[in-house]
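Participant: What follows is a single structure, and I will ask about it in a moment.
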Amino acid sequence: METVTLVLPLFALIFIGYGLRKSGFFSPQFATDVNKLVYYLALPAAIIAEMFAATPAELAQPQLVIGFPLVVLGTIAVAVLLSAAMRREQRGAFAQLCYRANLAYFGLPIVTTALGPQSFGYAGVIVGIGLIINSVFTVVVLKLLAPDRDESSISSHLAAILRNPIIVAVAIGLAVSFAGAAIPPIILRVLQLLGRTSLPLVLLVVGFSLSFSQIRNSLGVNIAAALIKLLVMPAIAYVVIGVAFGTTGLIRDVVVLMAAMPTSTISQSFAARFGADEQMTAAGVSLSTLAAMLTIPLWLALI
């Protein structure tokens, strides 16, 4: 019961955001502006402020910098093998739905609420690593599995990824922590105040992006993807971190929970760019988010 009471208010905020969009209470432009505020200001401020409080020894953990990429690669391998039986336009979309977790907008608020503020530094490192490796792996996977309408190189995509404000914030937080530098108290306080707005806003933004109108189409494929994303991927994380690395406690729990997050909405943009099934991706993201209401409390109870 305790795990349900931890995450239920967070999911309530998501569906409040969905209801506000469906009711027309807020315009699409407002949702875009709120997302911009979160993406460029509130969430980066929270990441810098929280990672500043962590020590280099806490952040430079092999379970994070090596273990989490192994979890992603293991899940990609499962997804690619299963996608061979699908139509070509579905393969890339299916693979993305299986491994591309919503680490920043979904993972940070849920993990830090469930595991406490001491988990923020670890989760922030995973966000930075995940944004880079997920984007690079997605470009590779979609170029291999989907009709490619984008002639740009992987290096050009990587350059754009590295300009991501959340990745920049993680880099700044790591640099300040490893340098042992001190942030002036006034600046730190401003960052903390901005960061506190990020938790409710990111969940409202997730709600703004949900769409359930296409879920019936390719329902079987989307259910399979949701099962892999929400059950298989965190199980792989548990084995990799808990067994292969022999790690227990907070680090293992952070990695497992971050791996248990539903599919990221950015998957839709990548599907559109590389000719994968965009409608299937949008429906899969919404189904994954809905199903996470059941699976995240399950993983919280197990760990």
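The values are calculated or read from the model by the stated rules, or taken from the named source; none is laboratory data. All values derive from a computational prediction rather than experimental measurement. Positions of Cβ are generated from backbone atoms using ideal geometry, with glycine treated the same way; all protein chains shown enter the neighbour counts.
Participant: If I ask for residues that are of a type in the set (A, V, I, L, M), at pLDDT 75 or above and within 17 Å of the chain's Cα centre (by Cα), which ones from the range 147-202 would you list?
Facilitator: From the range 147-202, those of a type in the set (A, V, I, L, M) are 154, 158-162, 166-172, 174-176, 179, 181-183, 186-188, 190-191, 193-194, 199, 201-202; that's our starting set.
Cutting the leftovers down to at pLDDT 75 or above gives us 166-172, 174-176, 179, 183, 186-188, 190-191, 193-194, 199, 201-202.
Within the range 147-202, 166, 167, 168, 169, 170, 199, 201, 202 meet the criteria.
Participant: Pull out all pairs, ordered by first then second residue, where Cβ-Cβ is under 9 Å, the residues are six or more apart or on different chains, the first lies in the range 20-38 and is of a type in the set (D, E, K, R), and the second is surrounded by fewer than 12 Cβ atoms within 10 Å (Cβ to Cβ).
Facilitator: Pairs found: 21/28.
Participant: Restricting attention to the range 209-220, report how many residues are of a type outside the set (S, T, N, Q) and buried (at least 22 other Cβ atoms within 10 Å of the Cβ).
Facilitator: Within the range 209-220, the subset of a type outside the set (S, T, N, Q) is 210, 212, 215-216, 219-220.
From what's left, buried (at least 22 other Cβ atoms within 10 Å of the Cβ): none.
The qualifying residues number 0.
Participant: Name the residues in the range 36-55 that are out of contact with any Gly (no Cβ under 8 Å at 6 or more places or on another chain) and closer than 25 Å to residue 242 by Cβ, would you?
Facilitator: Residue satisfying the conditions is 55 alone.
Participant: Provide a single number: the residues in the range 252-299 that are aliphatic (A, V, I, L, M), more than 21 Å from residue 137 (Cβ to Cβ) and surrounded by fewer than 21 Cβ atoms within 10 Å (Cβ to Cβ).
Facilitator: 5
Participant: Is it true that residue 272 is free of Cβ contacts under 8 Å to residues at least 24 places away in the same chain and not aromatic (Phe, Trp, Tyr)?
Facilitator: Details: free of Cβ contacts under 8 Å to residues at least 24 places away in the same chain: yes; not aromatic (Phe, Trp, Tyr): yes.
For residue 272, the condition - free of Cβ contacts under 8 Å to residues at least 24 places away in the same chain and not aromatic (Phe, Trp, Tyr) - is met.
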